[in-house]
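**Q** One structure, pasted below without further comment.
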Amino acid sequence: MCIKPRTRRDAGDLAALAALTNIGGVAVEVNDDDWGFVRRVFEDAGLTVLRRVTIEVRKAGDVPRVASEARKKGYDIVAVLPLSDEAARYAARDERVDLVVVRPGMARLVDSSQAGLHRMGGGAVELQVTPLLSQKQGFRTLMVVSRRAVAYSVPLVVSSCATTMWEFIPPRSIEALLSALGVPENYAKAFTYSHPWSIARRRMRRD
């Protein structure tokens, strides 16, 4: 659900790696100038490609506007990186928002209230493995949030969010990492496969 190639060469490398994992499809985040090229690269590798955007939002009241603007611009997957608790709660229940990205310090928001809000909105919480592992408290965030998602039945998507081939983490490796952190096998599979597929399926265009 999250690949962010830095360059066109990185896009080619990531497309080749993703194709080897038999995942079927990817959500890619790139600038407007590179989108056409990058889309063709991934499609030529045999992958379904969805275009993704991540938007930082501090005020809860800004969520509807930015989500609506993103939909009008044609983004398939809209992710919100909340900079406040209020923005995180609001984004969870907005049907135009697919993913609420969790940062270190936000683990407490993964609770029964957030689960209920996501059931209303139809989206999920997202953990981005590569960025988290480079941050202080990132590994702890990964562990605590994934466990809380199990405890409170919060829909969770775990993505590598790689920018280069060296950061790419295959889904099976993410599943194994979650299991090593104490996440039950059925939840680890859901966070890695079925939840991302559910999000993608409702946004796939029928051109």
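The values are calculated or read from the model by the stated rules, or taken from the named source; none is laboratory data. This is a predicted model, so every value here is computed, not measured. Heads up, the Cβs are rebuilt from the backbone with ideal geometry, glycines too, and the neighbour counts pull from every protein chain shown. Each accessible area value is taken on the protein alone, full model and side chains, heavy atoms only, with ligands, DNA and RNA left out. Shrake-Rupley method; radii C 1.70, N 1.55, O 1.52, S 1.80 Å.
**Q** Determine one quarter of the surface area of the Cα convex hull of the stretch 33-153, which equals its mean projected area, and express it in nm² to one decimal.
**A** Computing the convex hull of the Cα atoms and averaging its projections yields 8.3 nm².
**Q** Which number comes out as Rg/Rh for the stretch 142-205 once both Rg and the Kirkwood Rh are worked out on C-alpha atoms?
**A** On the Cα set of the stretch 142-205, Rg over Rh gives 0.99.
**Q** Give, rounded to the nearest 20 debye, the magnitude of the charge dipole that the chain has about its Cα centre when Lys and Arg contribute +1 at Cβ and Asp and Glu contribute -1 at Cβ.
**A** Magnitude of the dipole: close to 360 debye.
**Q** Something else about it: Loop only by DSSP, 14 or fewer other Cβ within 10 Å of the Cβ. Give me the GluC sites (Glu not before Pro) in the stretch 9-115 that pass, ordered by residue number.
**A** Those that pass, being in a loop and sparsely packed, are E95.
**Q** Per residue, how many Å² of accessible area does the stretch 92-139 show with a 1.4 Å probe?
**A** With the other protein chains kept in place, the stretch 92-139 gives 41 Å² per residue.
**Q** What are the ³J(HN,Hα) values, in whole Hz, obtained from phi via the Karplus relation 6.51 cos²θ - 1.76 cosθ + 1.60 with θ = phi - 60°, for each residue of the stretch 64-75 in sequence order, with x given for Gly and Pro?
**A** So the Karplus estimates, Gly and Pro as x, are x, 5, 5, 5, 5, 4, 5, 5, 5, 7, x, 6 Hz.
**Q** With θ taken as phi - 60° and the coefficients 6.51, -1.76 and 1.60, list the Karplus ³J(HN,Hα) couplings across the stretch 131-141 in order, rounded to whole Hz; mark glycine and proline as x.
**A** Calculated HN-Hα couplings, in order: x, 5, 5, 9, 10, 4, 6, x, 5, 5, 4 Hz.
**Q** Sum -39500 (n - 2.57) across every DSSP H segment of at least 4 residues in the chain, then divide by the residue count to get the 222 nm mean residue ellipticity, nearest 500.
**A** For the chain, the value works out to -14000 deg cm²/dmol.
**Q** For the chain, with the dipole built from +1 on Lys and Arg beta-carbon atoms and -1 on Asp and Glu ones, taken about the Cα centre, which of S159, P170, S198 lies farthest toward the positive end?
**A** Among S159, P170, S198, the one farthest towards the positive end of the dipole of the chain is S198.
**Q** Over the chain, with a Gaussian network built from C-alpha contacts below 10 Å, which listed residue (R96, R147, R172) shows the highest mean-square fluctuation?
**A** Per the Cα network of the chain with a 10 Å cutoff, R172 tops the list.
**Q** Can you give the Kirkwood hydrodynamic radius for the chain, in Å, rounded to one decimal and based on Cα pairs?
**A** It works out to 16.9 Å.
**Q** Please check: in the Gaussian network model of the chain (C-alpha springs, under 10 Å), which one of F37, F191, F168 has the largest mean-square fluctuation.
**A** Among F37, F191, F168, the largest mean-square fluctuation in the Gaussian network model of the chain belongs to F37.
**Q** Follow-up question, since we're still on this one. Please build a GNM for the chain, connecting alpha carbons under 10 Å apart, and tell me which residue among D111, D32, D85 fluctuates the most.
**A** Among D111, D32, D85, the largest GNM mean-square fluctuation belongs to D32.
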